[in-house]
Amino acid sequence: MCQVSAYVKKGEQDELLKENVTKIEVLEKGLRITTLFEGPADYTDMMLKYIDFSGGRVILEKH
């Protein structure tokens, strides 16, 4: 299984938000992130910036 981690863009750096992400849903006002070991969590202040498939990273940005 591919391991994907979600990071939040903070200036020039990326801060780890969640590891072992299994699903990201785009909601009307944000994102819902589900991980392998936790239930879903909603982030109403986040948007998807980009996905690095080869690096297993999802980069999010606060809006």
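Overview of results
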{"item": "Subset of the range 1-27 that is more than 18 Å from Pro40 (Cβ to Cβ) and of a type in the set (Lys, Arg) - its residue that is surrounded by the most Cβ atoms within 10 Å (Cβ to Cβ)", "result": "Lys9"}
{"item": "Any strands (runs of 3 or more DSSP E) falling wholly within the chain and containing at least 1 residues that are touching a residue at least 24 places away in the same chain (Cβ under 8 Å) and β-branched (Val, Ile, Thr)", "result": "5-10, 21-27, 30-35, 57-62"}
{"item": "Matching residues, the range 1-33, being within 13 Å of Val58 (Cα to Cα) and in contact with a Ser or Thr (Cβ under 7 Å, 6 or more places away or on another chain)", "result": "Leu16, Lys18, Glu19, Asn20, Val21, Thr22, Lys23"}
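Values quoted throughout were computed directly from the atomic coordinates according to the rules given, and no laboratory measurement underlies them. Please read all numbers here as calculations on a predicted model, not as lab measurements. Methodologically, a virtual Cβ is constructed for each residue, glycine included, from the backbone with ideal geometry; neighbour enumeration extends over all protein chains shown.
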